[in-house]
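The values are calculated or read from the model by the stated rules, or taken from the named source; none is laboratory data. Computed from a prediction, not measured in an experiment: that's the story for all the values here. Methodologically, a virtual Cβ is constructed for each residue, glycine included, from the backbone with ideal geometry; neighbour enumeration extends over all protein chains shown. Surface accessibility is based on the protein's heavy atoms, side chains included, excluding ligands, DNA and RNA. Shrake-Rupley method; radii C 1.70, N 1.55, O 1.52, S 1.80 Å.
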Amino acid sequence: MAPRVRIAPSPTGPLHIGTARTALFNYLYARRTGGTFVMRLEDTDVARNTVAFEADILENQRWLGITWDEGPDSAGAADRGPFAPYRQMQRIESHRAAATDLRSRDLAYPCYCTPEELDADRKAQEAAHEAPRYVGRCANLTPDERAAREAAGKQGALRFRVKAGKVSWEDLVRGEVEIDTANIGGDFVIVRSDGTPLYHFAVVVDDASMEMTHIIRGEDHISNTPKHILLFEALGHVVPAFAHLPLILNPDRTKMSKRKSQTAIADYRAQGFIPEALVNYLALLGWSTGTEEEILSLEALSGRFDLEHVQKGGAVFDRERLEWLNGQWIRRLTPEDLIERLQPFLEADRDAGRIDRVPTPEELRPLVPIIQERLPTLGAVGDLVGFLWVDDVSVDPATLVPKRWDRDTTLTALRAARETIVESIGPVTFEADELEPPLRALAEARGWKAGDLFMAIRVAVTGRTATPPLFDSLVALGRERTLARLDAAIATLEGLEDAA
């Protein structure tokens, strides 16, 4: 049988790095093995589920290129596939039937313990330095005792009986894993008193119903696996193969979480990370090619991924490395593709007041050679060359004066630079290779370091100390605007002289 794998996110939050990485590994495994990749929404947390989160999960996974063969196509849309529905709450009847089956065979029983009783048990166990576990208060009630409690208005949850012994499985990442059932907390609740199934139960029933052959998920689920195996066996289903992926860690090697880290895929997307780079990076978070290759397309990954090269130890999320990889993928875009992808970021800069207008594609096209090699993210375009699309540059006088110069030297240099540009370069030809020689000659003739002169000019015309190459920036700005901004910077420094 061809492998069947799934991703089963809960729509209680946006798609985050961890879920996206797990989805990607499942997708790659299915594509490499000719299997089926299923999207299932675990929406039993009615209080926290939202259609917006469902839409975020589906849309951002599709944006990454991680498509699925079965499941919902979009938020609220009909499901696609032979095992529909693919939303857990719409499968309640199958959960109830499985629960009834377990109870009829006394493999599960109603539990009437109150929250207060369970809390008292936990506190007593803590005081005795014992691991928390269910004490079995309701495990052996007689039918009459159960009837009496229900007559008194008590609604029982359903607990699964955990048999003594050890549960073991051959993990496809970690090898042989064995856990004593004494360490999983005793009989556990599988159906709440209101009739809704808990995660452990619903996920097993649904995985069995949908004929999942492989469960590929994060290592934080290892402690859940004995419970799931016991349920698969009790329900009479074939136990699927398990593969537990390494945790994603912060640089300090703590577990990555939304409280300590940026985790939402939508946030990375909004900052200008491109899907090709994110997918490439996520694939390398816990898996290696076995070679020195680092830049791999989704298609290439689909042909090479295997579980044998998934590491056991935690995978550290390195944002600098992601930015480097993102830059590499930006370099691979065609000029037209880059221009198109930059548009929404330029519009966002305009809307935020960081630039005064959005350049046309025709204006951007000659800038591609300048910016494509320097962009770590698409969102950095405004920081890099936004000075080209503002009406007035705000220049900080303190930044305008190079460290080795004073105000008077800077004023003299800017006046001389302006005069050199006017006299040496005509209004028709204004190219980088025509600008640099006379300005270098000016610096040499006056005994200035060229770097100081160029920094003063750079700040005067862009308002920044870091830009693309100075002369390319001047050409992009144009002769008239270059001169106008030099005049404005000169006037700023003259104003300081007058004030003194």
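Compute the angle between helix 17-33 and the longest alpha-carbon principal axis of the chain, please, reported from 0 to 90 degrees and rounded to the nearest 10.
80
Find the cysteines in the chain that fail to meet the 4.7 Å Cβ criterion with every other cysteine, and list them.
Lone cysteines by the Cβ rule: Cys113.
Tell me which lysines have Cα within less than 17 Å of Lys449's Cα, excluding those fewer than 8 residues away on the same chain?
Lys449 reaches Lys403.
Largest first and in whole Å, give the semi-axes of region 181-224's equivalent ellipsoid, each being the square root of 5 times a Cα gyration tensor eigenvalue. Display every interim value, and only then the final one.
On the way: eigenvalues 75, 60, 14 Å².
So the three semi-axes of region 181-224 are 19, 17, 9 Å.
For region 278-431, what value does the Rg/Rh ratio take when both radii are computed over Cα atoms and Rh is the Kirkwood radius, given to two decimals? All intermediate terms of the calculation are to be shown ahead of the outcome.
Details: Rg = 22.1 Å, Rh = 19.6 Å.
Reported Rg/Rh, Kirkwood definition of Rh: 1.13.
Give, rounded to the nearest 20 debye, the magnitude of the charge dipole that region 30-116 has about its Cα centre when Lys and Arg contribute +1 at Cβ and Asp and Glu contribute -1 at Cβ. Walk me through the intermediate numbers first.
Working: 11 positive and 14 negative charges, 60 e Å.
That gives region 30-116 a dipole magnitude of about 280 debye.
Using modelled amide H (1.01 Å from N, peptide plane; none on Pro or chain starts), what sits under 5 Å from the amide H of Val162, excluding residues fewer than 5 places away?
Correct list: Asp187, Phe188.
Using the alpha-carbon atoms, what tilt in degrees (0 to 90, nearest 10) does helix 115-127 show relative to the longest principal axis of the chain?
80
Kindly report the accessible area of the chain per residue (heavy atoms of protein chains, probe 1.4 Å, no ligands, DNA or RNA), in Å². It would help to have the intermediate numbers written out before the result.
Details: 23110 Å² over 500 residues.
Counting only protein heavy atoms, the per-residue value for the chain is 46 Å².
What residue among Phe430, Ala98, Gly186 has its Cα farthest toward the positive end of the dipole of the chain, where the charges are +1 on Lys, Arg and -1 on Asp, Glu, each on the Cβ?
It is Gly186, whose Cα lies furthest towards the positive end.
For the chain, find the longest principal axis of its Cα atoms and tell me its angle to the long axis of helix 450-462, 0 to 90°, nearest 10.
It works out to around 70 degrees.
According to the Cα gyration tensor, what semi-axes, each the square root of 5 times an eigenvalue, does the equivalent ellipsoid of the chain have, listed from largest to smallest in whole Å?
Values: eigenvalues 819, 114, 82 Å².
Gyration-tensor ellipsoid for the chain: 64, 24, 20 Å.
Rounded to the nearest 20 Debye, what is the dipole magnitude of the chain about its Cα centre when Lys and Arg each give +1 and Asp and Glu each give -1 at the C-beta? Can you show the working numbers first?
Working: 60 positive and 77 negative charges, 286 e Å.
Using only the charged Cβ atoms, the result is roughly 1380 debye.
Using amide H atoms built in the peptide plane, which far-off residues or other-chain residues are under 5 Å from Leu198 H to H?
Amide H to amide H, under 5 Å and 5 or more residues apart or across chains, Leu198 pairs with Val191, Arg192.
For the chain, which whole percent of the accessible surface, found with a 1.4 angstrom probe, sits on carbon and sulfur atoms? Mind dumping the intermediate values first?
Numbers: 11640 of 23110 Å².
Exposed carbon and sulfur together represent 50 percent of the surface.
Along the positive direction of the dipole of the chain (beta-carbon charges: Lys, Arg +1; Asp, Glu -1; about the Cα centre), which of Ser10, Leu64, Ala488 reaches farthest?
Ser10
Greater than 26 Å separation of Cα atoms is the criterion. Which listed pairs, Lys163/Lys255; Lys123/Lys154; Lys255/Lys312; Lys123/Lys227; Lys258/Lys312; Lys227/Lys312, meet it? Can you show the working numbers first?
Working: Lys163/Lys255 32 Å; Lys123/Lys154 23 Å; Lys255/Lys312 15 Å; Lys123/Lys227 24 Å; Lys258/Lys312 23 Å; Lys227/Lys312 22 Å.
Check vs 26 Å cut-off fails for Lys163/Lys255.
Can you compute the helix-only [θ] at 222 nm over the chain? Use -39500 (n - 2.57) per DSSP H run of at least 4 residues, normalise by all residues, nearest 500 deg cm²/dmol. Kindly include the intermediate steps, with their values, before the conclusion.
On the way: 21 runs with 230 residues, N = 500.
Only helices count here, giving -14000 deg cm²/dmol.
Placing unit charges on C-beta atoms (Lys and Arg positive, Asp and Glu negative, everything else neutral), compute the dipole magnitude of region 311-375 about its Cα centre in debye, rounded to 20. Could you put the intermediate results ahead of the total?
Working: 11 positive and 13 negative charges, 74 e Å.
In total the dipole reaches around 360 debye.
In region 188-227, with Lys and Arg counted as +1 and Asp and Glu as -1 at Cβ, which of these residues, Ile215, Gly195, Thr225, has the Cα nearest the positive end of the dipole, that is, farthest along it?
Comparing the listed Cα positions along the dipole, Gly195 ranks first.
Cα centroid distance between region 173-243 and region 328-396, in Å?
Rounded to whole Å, the Cα centres lie 50 Å apart.
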